[in-house]
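Take a look at the structure set out below.
The values are calculated or read from the model by the stated rules, or taken from the named source; none is laboratory data. Just so it is clear, the model here is predicted, and its values are computed rather than measured. No Cβ is skipped: glycine too gets one built from the backbone with ideal geometry, and neighbour counts run over all protein chains shown. Surface areas here come from the heavy atoms of the whole protein model, side chains and all, with no ligands, DNA or RNA. Shrake-Rupley method; radii C 1.70, N 1.55, O 1.52, S 1.80 Å.
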Amino acid sequence: GSDQKDFLIWVGPHIQQDSFEAGADAFNLLSQAHRGLEPNSYFYQKSDKYFIDLNLIVKSQMDHTIGKNADVWFSDDDTKANPNYFSYRRDQKTKQRNLSFIALF
């Protein structure tokens, strides 16, 4: 029974498109999660690698679930490129993770 305007969604720091290099297997799984995006709008391809825009995928999921008028904000911090965040893709050895949470007010 909630209205779209009741939602404020903030997606924190995460891997950004220029750092999110994926092979065909991961690309195929993520391509199933996009819900209505135009084909080829959420990735670009270099050689046999895909660079995936998680922001567009999450936004399309929010549009589908909550509605197109929901207030969704994305951090532009790239956890792979910025050493202030933990990143297994960058460090290849760390078991440390960044904290994520959901709050209901």
Return the pair list, or none, for Cβ contacts closer than 6 Å from residues in region 40-56 that are among the polar types (S, T, N, Q) to residues that are at pLDDT 90 or above and open to solvent by 40 Å² or more (accessible area, probe 1.4 Å), at least 6 apart or on different chains. 55/74
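For region 39-56, check the following and say yes or no: at least one residue is part of a loop (DSSP other than H, G, I, E, B), open to solvent by 90 Å² or more (accessible area, probe 1.4 Å) and modelled with pLDDT of 85 or more. Walk me through how you get there before you give the answer.
Let us first name the residues in region 39-56 that are part of a loop (DSSP other than H, G, I, E, B), namely 39-42, 47-48, 53.
After this cut, where a residue has to be open to solvent by 90 Å² or more (accessible area, probe 1.4 Å) as well, the list is 39-40, 47-48.
If we keep only those that are modelled with pLDDT of 85 or more as well, we get 47-48.
Yes, some residue in region 39-56 is part of a loop (DSSP other than H, G, I, E, B), open to solvent by 90 Å² or more (accessible area, probe 1.4 Å) and modelled with pLDDT of 85 or more.
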Enumeration of residues in region 49-105 that are of a type in the set (S, T, N, Q) and closer than 26 Å to residue 8 by Cα: 55, 60, 61, 65, 69, 75, 79, 82, 84, 98, 100
In this structure, is residue 77 at pLDDT 90 or above, farther than 24 Å from residue 32 by Cα and within 16 Å of the chain's Cα centre (by Cα)? yes
Just to be sure, is residue 36 of a type outside the set (D, E, K, R), under 24 Å from residue 4 (Cβ atoms) and loosely packed, with under 11 Cβ neighbours inside 10 Å? yes
Checking residue 98 against (1) within 30 Å of residue 5 (Cβ to Cβ); (2) open to solvent by less than 50 Å² (accessible area, probe 1.4 Å), which test does it fail? (2)
Residue, nearest to residue 53 (Cα to Cα), within region 65-80, restricted to residues that are open to solvent by 50 Å² or more (accessible area, probe 1.4 Å) and part of a strand (DSSP E or B): 73
What are the residues in region 1-27 that are touching a residue at least 60 places away in the same chain (Cβ under 8 Å) and in a helix (DSSP H, G or I), if any? 4, 5
